[in-house]
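Worksheet: the structure to be examined is printed underneath.
Bear in mind these aren't lab numbers, they're just calculated from the coordinates by the rules spelled out. Note that the coordinates shown come from a computational prediction; the quantities given were computed from them, not determined experimentally. Counting neighbours? That spans all protein chains shown, and the Cβs are built from the backbone with ideal geometry, glycine included.
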Number of protein chains: 2
Amino acid sequence: MKNTSVKKVVTIGGGTGSFALLSGLKKYPIELSAIVSMADDGGSTGILRDELGVLPPGDVRQCLVALSDSSLMLRKLMNYRFENGGLAGHSFGNLFLSALEKITGNFTAGVAEAAKILNVKGEVIPVTNADTKLFLQLKNKILLHGESEINHNFEISKHGVAKMYLSPKAKANPRAIEKILAADLIVIGPGSHYCAIVPNLLVEGIPEAIRKSRAKVVYNCNLVNKKGQTEGFTLDDYIDATEKYLGKGRIDFVTHNRGKPSQRLMKKYKQDSELVSFERTDRKKRHYRVLEADLLSTERIHLDKADAISHTRAFIRHDSDQLAKMLMLFLELGEYEGILRDIA
Amino acid sequence: MKNTSVKKVVTIGGGTGSFALLSGLKKYPIELSAIVSMADDGGSTGILRDELGVLPPGDVRQCLVALSDSSLMLRKLMNYRFENGGLAGHSFGNLFLSALEKITGNFTAGVAEAAKILNVKGEVIPVTNADTKLFLQLKNKILLHGESEINHNFEISKHGVAKMYLSPKAKANPRAIEKILAADLIVIGPGSHYCAIVPNLLVEGIPEAIRKSRAKVVYNCNLVNKKGQTEGFTLDDYIDATEKYLGKGRIDFVTHNRGKPSQRLMKKYKQDSELVSFERTDRKKRHYRVLEADLLSTERIHLDKADAISHTRAFIRHDSDQLAKMLMLFLELGEYEGILRDIA
C-alpha cells in the first residue's frame, strides 16, 4: 500500500547523533521535525546558561546546522569555536542562538528566527521551554547533578542507575506534541543514552504522545557502548532502558550496524568503547524487529580544532546517507516486509 | 550635462557617521563603496584585537549593517550587545566578523563573506589590512596611544595637536585605491575628526589617490564640536585640519547644517557640544563652496541598552535621507549650479 502524500517524520535526540541523522534525512522530500533535548549544561552551553540565563543552545544549534540550506560558510561559522581570551570555548552558533533568544524574548522564537536566517529545511523544536536540570541517581544513592556531571561520570555502569529525572519538572513544548501525534514515523536516536535520549523521554507529555501516535517507531541503536556508562549493553539492553521511560512495547523497529570498523579504528577505540552486540537467537522474546546493515561511515574524519561539531563526534560514526536510506525504506514500504530479509 | 551611466560614489569615514550617511545613500541606484577606518582599539573591538589578534571589526560592522538588505532581525542581531558575564560589552556583529576573519584567514575575505550573508548593497572596504595603531602627539609633547586613548582625552583642544600618525605605517587596501580612482563623487565624513576622518587619510596611498582622482570631493561637516577635542572649531577649521592630511585645495563642496535643535536637546548638550559655526562673510578666501540646509534628524531616538549603534550615536544627528538627497543632487547636476542658491 503506497501513500503519495508527504510523509511526516519526527526525530528525537540531542546534538551530534541528530546531526548525523538529519544530514541524511534532509535530502528526502518529507516533512521533517527534529525534537531536541534541552538538558545540556556543559561547555559553552553551560557558561551561557549560567551567565546569560538563556536556555541551552548547543543541541539545537547542531540540528539547525544539519538542516540548513545556507552557504557552506554560514554553516562553518555556526560551528566555529573561539580559541582565545574570554571567548575561548564558545561556539559562535551558541552565541547566535543566545543573542536571538535575548532579542526575541524567548528561546523558541529565537530558534524560529535562526531557522529563517539559516534557511532551514524542516523544523527544529526544543522538547521543552522549561529551564530544567537532569539528575541521575545511582543505585549506591549517589546523585549526579546535571547532564555535564552525568556525561563525565564513568562509574554509572558499575553502580547501576536507580532513576533519572528532571528538576524542576518540565512540560513538553506543545509544538513537539503536535508533531508527534501527526507523525508517520518517529525516529529515536542515535545519541547518548543518558544525555540525549532519556532527557527527551523525561519531559511530561512526550512518552504519552508517542504512545498515542499512530506512527511507527524506529530506534536507531548506537554503534558503540560508552565505557563506564552503557558498558556491556546489548541491543536489547538499550531497548529495555529506553522503554523504561517510553512505555514497554512501543518500539517497532531497531536498526543495528553489522559493519566492522578498521583494525586501526578498533585499536584506537579499544579502551573506550565496544561495538554494541546483538544475539540473533533471542528473536522470539522480542516485540521489535531488528534490521541489520553496514551503517558505518567510511568518511575520513578531519579533526578541526575550531569546529565545534567535529570535536564532539565519535570516530566510529553512522553513515548519514545509509541510515536515512534505510529509514526511508521503512517509511515507503507499507508492510516493511520487502526489506526485512536481514531481520533476525 | 547629464550622464546616464551608474555613478560611482565612495564614502570615507568610520562607524557611526558612515552609518547615517550610508543608510541614506543606499536607497539610490548608484555604485556605492564605503571605505572604513581601521584604527579602533576601544570597547568590544579592543578586546577582540587583544585577545584574538583580529583586525578591528566595529566600524566595518556598522557600515555592513547600514548597507544590509537582509531582515530587520539579522540587522538587529548584528548590533546586539551582550550584557552579562564574560561576553558583556561584546557586540554580536563584532564576534561575527572576528569569527569570519579567523575562518577565512584574513579580514578582507571575512568582510566579503559577511557582506554575502548580510546581503549588502555596495561594498565595504577596510582602508588597510595592516594591524596598526593611531598616535596623536600634543603640542605639549604628550603622546596619546591608540584611538581609544585619543577619544577619551579632553585636553586636545587646550594643548593643540602637533601631529598624528599610524604606527606601524599602513599601506592602503588596493581595492580602496581602485575605487577612489574610479569614483565620480568622494564623500568624506561625517565622523569623529581625530578618530574616523584623519585615520583614513594617514594611510599611505589614500590622500594621493584622492588627489589623483577626477571625482568631486564633498566634505560633510559634523553638526557639533566635541568638547575638549574640536572645541571652538568653525567649518573652515575642519577643512584646514582635514586638508592638512588630504592636501590643500582638494575639497570642492562642504555641507553645513543650518537647522537648530530643540531647546530641550540644546540644554542636554550645552555642556558637551556646540553647533559648528560658519561665517558667510569670509567667502572669498574659500576654495570650496558651502551648501547649507537643515540636515538635522527629527527622529526621536530610542536608547536601547543592548543596541551597539544607538549607544554611540549622538542625540543631535544627521537626517540620513536629507544628507543623501543633497549629495545625489550634487552628483546628478553636472555644474552643481542649480542647487547652489543657498551657498555662501
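General remarks:
- Rh by Kirkwood over Cα pairs, then Stokes-Einstein D for chain A at 0.692 mPa s and 37 °C, µm²/s: 162
- Counted by neighbouring Cβ atoms within 10 Å, the residues B:Tyr288, A:Tyr238 run from fewest to most as B:Tyr288, A:Tyr238.
- Column: log10 I(q)/I(0), Debye, Cα scatterers of the range B:112-249, q = 0.10, 0.13 Å⁻¹: -0.36, -0.61
- By the count of other C-beta atoms within 10 Å, a proxy for reagent exposure, A:Glu299, B:Glu292 are ordered fewest to most as A:Glu299, B:Glu292.
- Taking θ as phi - 60° and the Karplus parameters 6.51, -1.76 and 1.60, the scalar couplings of the range A:223-239 work out to 7, 10, 7, 9, 4, x, 10, 10, 3, x, 5, 8, 4, 5, 5, 4, 5 Hz in sequence order, x denoting glycine and proline.
- Members of A:Lys7/A:Lys325; B:Lys169/B:Lys216; B:Lys116/B:Lys171 lying beyond 18 Å, as alpha-carbon distances in this model show: B:Lys169/B:Lys216; B:Lys116/B:Lys171
- The range B:1-94, Cα convex hull volume normalised per residue, Å³: 105
- Exercise: per-residue mean of other protein chain Cβ atoms within 10 Å, B:97-103: 6
- Distant alpha-carbon pairs in the range B:53-181 (separation over 17 angstrom), percent: 66
- For the range A:317-322, Karplus couplings with θ = phi - 60° (6.51, -1.76, 1.60), whole Hz, Gly/Pro x: 9, 5, 7, 3, 6, 5
- Considering only the range B:8-343, percent of DSSP beta bridges that pair antiparallel, nearest 5: 35
- Residues whose amide H lies under 5 Å from that of B:Asn129, counting only those 5 or more places away or on a different chain, are B:Asn173; hydrogens are built 1.01 Å from N in the peptide plane.
- Inter-chain shielding of B:108-117 (mean C-beta neighbours from other protein chains, 10 Å cut-off): 2
- Between the amide H of B:Val124 and those of B:Ala34, distances stay under 5 Å, these residues lying 5 or more places away or on another chain, with hydrogens modeled in the peptide plane.
- Largest-first principal axis extents of the Cα set of the range B:65-118 (Å): 30, 26, 12
- Taking θ as phi - 60° and the Karplus parameters 6.51, -1.76 and 1.60, the scalar couplings of the range A:136-147 work out to 10, 9, 7, 5, 8, 6, 5, 10, 8, 9, x, 4 Hz in sequence order, x denoting glycine and proline.
- In this structure the amide hydrogen of A:Leu296, modeled in the peptide plane, comes within under 5 Å of the amide hydrogens of A:Gly259, A:Asp319, none closer than 5 places in sequence on its chain.
- If only the Cβ of Lys and Arg carry +1 and only the Cβ of Asp and Glu carry -1, the dipole of the protein assembly as shown around its Cα centre is close to 400 debye.
- Near A:Leu201, once Lys and Arg are set to +1 and Asp and Glu to -1 for all other residues with Cβ below 12 Å from its Cβ, the sum equals 0.
- Dividing the summed -39500 (n - 2.57) terms of all DSSP H runs of n ≥ 4 by the residue count of chain A sets its mean residue ellipticity at 222 nm at -10500 deg cm²/dmol.
- Cα-centre dipole for the range A:8-343 with unit charges at Cβ (Lys and Arg positive, Asp and Glu negative), debye to 20: 540
- The range B:1-96: GluC sites (Glu not before Pro) in DSSP coil with no more than 15 other Cβ atoms inside 10 Å: B:Glu83
- Nm distances between copies for B:His287, ranked from closest, using label points 7 Å along Cα→Cβ: 9.2
- Least to most buried among B:Leu275, B:Leu291 (fewest other Cβ within 10 Å first): B:Leu275, B:Leu291
- Each Cα pair under 8 Å and six or more residues apart adds its sequence gap; the mean of these over the residue count of chain B is a relative contact order of 19 percent.
- Ignoring aspartates and glutamates fewer than eight residues from A:Lys133 along the same chain, the ones with Cα atoms less than 12 angstrom from its Cα are A:Asp40, A:Asp41, A:Glu147, A:Glu149.
- Signed unit charges on C-beta, dipole axis of the range A:8-343, positive-most listed residue A:His90, A:Ser262, A:Ala34: A:Ser262
- Inverse of mean 1/r across different Cα pairs in the protein assembly as shown, Kirkwood, Å: 28.3
- In nm, spacing of pseudo-spin labels at B:Asn119 and B:His287 (7 Å Cα→C-beta vector): 4.5
- Across the range B:87-155, Cα-Cα distances exceeding 16 Å account for 63% of all pairs.
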